[in-house]
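Asker: Okay, handing you the structure first.
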Amino acid sequence: YIVDNAKIFLKKIPRLSLGFYPTHLQKLETLSNETGINIFLKREDLSGSNLFGGNKMRKLEYLMADAQNKGCKYVFTFGATQSNHAMQTAAACRKCGLIPVLFLVNLVDTDEGAPKANLLLDKIFDAEIHIVSVQPNENVMEAMQRTTAIAASYQNQLEDAGHKCYIIPGGGASPLGSVGFYSGYIELCEQLNSLGCTADYLFHATGSSGTLAGLAAARAMIAPQMQLVSVAVDNPGDDYAEKAAALANETLA
Ligand SMILES: *Cc1c(COP(=O)(O)O)cnc(C)c1O
């Protein structure tokens, strides 16, 4: 794979070192022997200092650099109550001296008395947590829109008091966040090069589509013959591919 042209663009974009990169590319020997197909696993789960949502740190290396360069003090982000992305954002903020503000829609019981998993970690990171309950008269999408409005009014309050806020959409799915997986795709191609291998398929999980958009953007530059197979972790909805393609194009731009 010829990666040099694709890499030139990355040099211009500030990035912090928050995760452990490059992540390992591990061959699954037993499964490969059993199936007669060479299967490798890119260990994004081992990208950082904690256990959940390993794919988020690539995005955050670019987003946190941008937040710092813009002189922000607070970082807002969004998700469900057990969001991996929200927790990783809180962790990244604390490494960078920024204050994490999380807006979480309670799709999962918050269990306030004894928080578990990511919500417990959010508290350990001392994130400012705003839990928004889905009301009986609204659906999840409406609750999320209401959450965005609540966040916007809080942002105004903080900025009126002279504190700059940096806003990260749910899943870190912004063009700059997706640059993380543009870079991840290049990293993968370089590892395949050093093994003397090419790959026919790249399977990955997709939620907010931030990962997908970054991979698709880099794939347009290098090795379009490697097919992306994106497995939705949620009901993707009708305009999912269209939105992901738009984000991929913005990432390239
Ligand atoms: C966030 C996440 C995804 C989806 O990644 P997106 O970039 O949001 O599409 C998949 N799996 C896990 C475990 C995640 O935390």
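Asker: With open to solvent by less than 70 Å² (accessible area, probe 1.4 Å), of a type in the set (Gly, Ala, Ser) and not in a loop (DSSP other than H, G, I, E, B) as the only criterion, which of ALA223, ALA241, ALA218 stands out? Step through it out loud before you land on a result.
Answerer: Values: ALA223 fails: not in a loop (DSSP other than H, G, I, E, B); ALA241 fails: open to solvent by less than 70 Å² (accessible area, probe 1.4 Å).
Only one candidate passes the filter, namely ALA218.
Asker: Sticking with this one: Name the strands (runs of 3 or more DSSP E) wholly inside segment 58-139 in which the number of residues that are of a type in the set (Phe, Trp, Tyr) and within 19 Å of LEU176 (Cα to Cα) is 2 or more.
Answerer: Qualifying strands (runs of 3 or more DSSP E): 74-80.
Asker: Right, here's the next one. Could you please let me know if GLY79 is out of contact with any strand residue (DSSP E or B) (no Cβ under 7 Å at 6 or more places or on another chain), touching a residue at least 24 places away in the same chain (Cβ under 8 Å), within 16 Å of the ligand (Cβ to nearest atom) and open to solvent by 10 Å² or more (accessible area, probe 1.4 Å)?
Answerer: Judged against the criteria, GLY79 is not a match.
Asker: A follow-up question, please. Which members of segment 186-226 meet the condition of being within 13 Å of the ligand (Cβ to nearest atom) and touching a Lys or Arg at 6+ places or on another chain (Cβ under 7 Å)?
Answerer: Correct list: SER209, GLY210.
Asker: From LEU158, LEU120, LEU102, grab the single residue that is touching a Ser or Thr at 6+ places or on another chain (Cβ under 8 Å) and at negative phi.
Answerer: It is LEU102.
Asker: Let me ask something else about it. Quick one: in segment 44-57, which of the residues that are within 15 Å of the ligand (Cβ to nearest atom) and assigned to a loop (DSSP other than H, G, I, E, B) is most open to solvent (accessible area, probe 1.4 Å)?
Answerer: If we take residues in segment 44-57 being within 15 Å of the ligand (Cβ to nearest atom) and assigned to a loop (DSSP other than H, G, I, E, B), then LEU51 is most open to solvent (accessible area, probe 1.4 Å).
The values are calculated or read from the model by the stated rules, or taken from the named source; none is laboratory data. Since we're looking at a predicted model, the values are computed, not measured. Every residue, glycine among them, receives a Cβ derived from its backbone with ideal geometry; neighbour counts consider all protein chains shown. Side chains are part of the model used for accessible areas, which takes the heavy atoms of the whole protein and leaves out ligands, DNA and RNA. Shrake-Rupley method; radii C 1.70, N 1.55, O 1.52, S 1.80 Å.
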